[in-house]
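Visitor: Quick one: the structure is below, and I'll ask about it shortly.
Nothing in this text is a laboratory measurement; each read-out follows from the coordinates by a stated rule. Since this is a predicted model, take the numbers as computed values, not measurements. Every residue, glycine among them, receives a Cβ derived from its backbone with ideal geometry; neighbour counts consider all protein chains shown.
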């Protein structure tokens, strides 16, 4: 992060303190804390997925440092919707205090409970619906329907004696959504008339001009592709995108095909969504994946995960012929999904692989099979105009998205001085309609790596990047520290770099000689001998191979 | 690659054999060989840039195996244009035989000669112009002007007794290019009327519907952005894109600004282009980069490299404040370039960094500052209709591009059986208008890594990927092989994984015990003791950390 770190002043009674813990400067690990009069409300607790320069990392969590000594003051966690970047870190938070209440809609809580079950945590929950109000300590909460790429998403208005905050969560403004549940602009208007002191809007698509197309535009495209498909159809999308799956079910049904869910998360989420009534399954359309193979090829649609080219997901395994469904000529694969930046190579690898097997591949590059879940600039302007917030803190975006959202706020009439470009750990105090940045906490990335949380550091990742680009050379010697005489070794091992060990025959006598010379110059300790080896091997590798592998000397006293 | 490998039959006299050595199944390392009556003509010899799953690799070369024992039969290398993916591997080919003649246009040869100079190679060259013909052994060559994102590009018609081949190189059909040098459809028409037996067209944009927009559309956008810019302007683009740079020069000049070239390849290429008259530099507009700082901020445009987020290029260094030009509020940065798939995260990192420093960043996502250099589907149809080739081998593309180009050929009336989806190493024989696949060679990736060529293998890269995701643990012991008693060690080192060595205190006694037990079970050699250590440590790491680092045991006889 860039801003200088400084401690905020002590929080005065009656002032609301807002700290975005995650989600500013990144798309992911969304989490915001609200504190007043000694009590803390958390909104969302998500994960961030690692980029290619964070190899081996499974997940990245928000840095819980600001609350980890204050857990008993937390009155609850409001979860705006059930996406991983909003609920994925809940298990890690509840490991710290298991009885923190979780507040959210029916579907959101069902998804987080399924996730917590895998972590063997049984949470305290409070189900809320749009239009309802709840009081948690000093926080009066009002929940407002918003439309997004998962059903049952909620914005939350947070009313305290310090003022009114509107936290949208992710939203867009599809005016004809599949479930008729639109973003409740009447509620926004009512709040706006009463006065919104601080507004935290979704920035994901703030730099996209115009309006996000309606989800229902996709249905006819899916139906047309399925109608023309001569053999099997495989549709890949996100496993939480209930409305996308709904449209696949409907298009399959209209074409006399049955649908089999493939992939653990797809099966789990759609089972939940169907049980709770969010997914309306046409009578008899579903079929078990194993039984589907008995149907004629032109009577089946497989609904799978893996639209981002994830190597272990169903779609990539199909592309590599590592799945029981063997793709062949005449099969149709539809990637009804976005292409998240950074995943391009992986996705194109899967597309090329499927095409080589003979499949016809339909994706957002050649057909209208995806719309975004986030409000574009045009929609955000509607919201700014209907709310007329006093202060704005754009959230949920990389820096470029936050800036684009700030510009929209300013264009709509919010004074620039009332807009805030924050980052994770920015501390903003609100009282009597006045918002102010009062501190910047030093928050880091918390890496989940195997069974460890927070043990892998940025230094480890730097080592991993060096290892990946250059490999390593390890050198073992047992040395007589008094004379520098090599008693055992040098034994040299290398990986990712010139793995034929004969390469090192030239440098071994150089190491032995260098150790002797070091002793003559007074060296007597293993650490200094290690440095001598590091220098000797490093210079040799650089001059002979023009490479800089990691050099790992091990010197013990013989 | 996927297709089964099989040896082609012996080539008969009077038959032309075509082998795409690189560029099929990938965008890069384009190279094709043509052989008839014992003589070989090469068209292009480029490099491929590595993807994220090829860490540390500098470049990827075509696999020269099919010609490396036939170098004396090579009559020359035709270079269609001066892009790295067409000329970048020439130095590595000439290392094998330095006097292979290079044939190309004035600019193409100037760029390849500058590159060869860095490799201390002085080549034999033959400069050709559009409309000219040359005979090289059994090959009658005709060179035809094509329009691309670098000036002076040529297609080549290859006439032999076996038939006529048209090899386009990269091209598009801008009808109003900056240099008025259009793709010569009259020549294509003439060739088509006489009969083209085999056509090898550029597939890069075959899956893009419609027509590529004209390069000159960009000029007014650049001029408008520069006119409004309050302070400095930095434009980043490809260092070989003479026409893009021309438009920057013109737009700067029209706004009373001077231009400084930044970055070694930009300076080198634009110096060559200006000297040869491809870049028309308005009087007095250029200024040395060092003197530019003395100008008022609103009088300068920096023209730089780094539009793909390359970490060592000018733009990324500016974004990280590692460049003498310190970006600040009011500066404008224009990325007048494509966004090559796989580079998204790197480019967005640079954009976010520049914006954090206060810059206004203009890129193809928010302004029309880039057009492609390749013909879209609409343009390719014109070419198919004007040529009416007997046989088609789409080249220059990933599988999905080749398939899209094949579909266009079929739509335009080429029988499907006369279209060929090849891959690197596919062997096609042509005679009397009949083309046929007669073999599939087993060609690999040749990695340039530091000063080594072809030494790094796919196994090394697999090790690097494991190292990057999991790190490694190395274990040294000196053991009495008769008793299994550990005399020295275990010394354990780890990187990229739990670098605190105390973590390993638990496993050390387990190793010592396992070695004893192995000896009791009859183990007497160091290799078997190594296996014991690998198993012991592997199981322990997996059960305690749920990780699978690379485990590197070193056992020596004490």
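Visitor: Among the DSSP beta bridges whose two residues both lie in the protein assembly as shown, what percent are antiparallel, rounded to the nearest 5?
Guide: That works out to approximately 55 percent antiparallel.
Visitor: Taking the highest mean first, how do the peptides B:158-166, B:63-71, A:286-294 order by number of other beta carbon atoms within 10 angstrom per residue?
Guide: B:158-166, B:63-71, A:286-294
Visitor: On a 0 to 90 degree scale, rounded to 10, what angle separates helix A:507-520 from the longest Cα axis of chain A?
Guide: With both axes taken from Cα atoms, the answer is about 70 degrees.
Visitor: Go ahead and run the numbers for FRET between residue B:340 and residue A:126, Cβ-Cβ distance against an R0 of 60 Å, rounding to 0.05.
Guide: Taking R0 as 60 Å, the efficiency between residue B:340 and residue A:126 is 0.80.
Visitor: Right, something else. How far is it, in nm, from the label point at residue A:190 to the one at residue B:68 when both lie 7 Å from their Cα along the line to the Cβ?
Guide: Going by the 7 Å Cα→Cβ label model, 7.7 nm.
Visitor: Please report the antiparallel percentage of the DSSP beta bridges confined to chain B, to the nearest 5.
Guide: Approximately 55 percent, going by the DSSP bridge assignments.
Visitor: Expected output is a single nm value to one decimal: the length gained when fully extending between residue A:505 and residue A:281, i.e. 0.36 nm times separation in residues minus the C-alpha distance. What is it?
Guide: 73.8 nm
Visitor: Also, I was wondering about something else. What FRET efficiency do you get for residue A:558 and residue A:459 if R0 is 35 Å and r is their Cβ-Cβ distance, rounded to the nearest 0.05?
Guide: Once the sixth-power term is evaluated, E becomes 0.65.
Visitor: Once the label point is set 7 Å along the Cα-to-beta-carbon vector, what list of distances in nm do you get between residue B:543 and its counterparts in the other copies?
Guide: 4.9
Visitor: Taking the 0 to 90 degree range and rounding to the nearest ten, how far is the long axis of helix B:458-470 tilted relative to the main principal axis of chain B, both from C-alpha atoms?
Guide: 60 degrees
Visitor: A further question follows. On C-alpha positions alone, give me the angle between the axis of helix B:264-275 and the longest principal axis of chain B, in degrees, nearest 10.
Guide: Between helix and principal axis, roughly 20 degrees.
Visitor: Please compute the contact order of segment B:432-545 in relative form: average sequence separation of alpha-carbon pairs under 8 Å and at least six residues apart, divided by the residue count, as a percent.
Guide: 18 percent
Visitor: Kindly rank B:89-96, B:521-528 from highest to lowest mean number of other beta carbons found within 10 Å of each residue.
Guide: So the peptides B:89-96, B:521-528, ranked by packing, come out B:89-96, B:521-528.
Visitor: Continuing with this model, one more query. For A:393-405, what's the mean count of beta carbons from other chains sitting within 10 Å of each residue's beta carbon? Could you put the intermediate results ahead of the total?
Guide: Values: counts 0, 0, 0, 0, 1, 5, 8, 10, 1, 2, 5, 2, 0.
Taking all residues of A:393-405 together, the mean is 3.
Visitor: If you don't mind, there's one more thing I want to ask. Within 10 Å of each Cβ of B:538-546, how many other protein chain Cβ atoms are there on average?
Guide: Partner-chain Cβ atoms within 10 Å, mean over residues of B:538-546: 2.
Visitor: How big is the convex hull of the Cα atoms of the protein assembly as shown, per residue, in Å³?
Guide: 199 Å³
Visitor: Next question, about the same structure. Place the label 7 angstrom along Cα→C-beta at residue B:506 and in each other copy, then list the distances from the first to the rest in nm, shortest first.
Guide: 4.4
Visitor: Using only alpha carbon pairs under 8 Å that are at least six residues apart, calculate the relative contact order of segment A:215-363 and give it in whole percent.
Guide: Over segment A:215-363, the number comes to 29 percent.
Visitor: Still on this structure, I have one more. Summarise the partner chain shielding of A:490-496 as one whole number: the mean count of Cβ atoms from other chains within 10 Å of each residue's Cβ.
Guide: 6
Visitor: Given Cα pairs under 8 Å that are at least 6 residues apart, what percent is the relative contact order of chain A? Please list the in-between numbers first.
Guide: Numbers: 1259 pairs, mean separation 88.1, N = 558.
Relative CO of chain A lands at 16 percent.
Visitor: Taking only the alpha carbons of segment B:215-363, what extent do you get along each of the three principal axes, in Å, biggest first?
Guide: Its Cα atoms span 37, 32, 29 Å along the three principal axes.
Visitor: Turning to a different aspect of this structure: Which Rg and Dmax, in Å, describe the Cα atoms of chain A?
Guide: Over chain A's Cα set, Rg and Dmax evaluate to 28.2, 88 Å.
Visitor: Take every DSSP beta bridge with both residues inside segment A:425-558 and express the antiparallel ones as a percent of the total, to the nearest 5.
Guide: Details: 16 of 24 bridges.
For segment A:425-558, the DSSP antiparallel bridge percentage is about 65.
Visitor: With runs of 4+ DSSP H residues as the only contributors, calculate the mean residue ellipticity of chain B at 222 nm using -39,500 (n - 2.57) per run, divided by the residue total and rounded to the nearest 500.
Guide: Values: 16 runs with 166 residues, N = 558.
Result for chain B, helices only: -9000 deg cm²/dmol.
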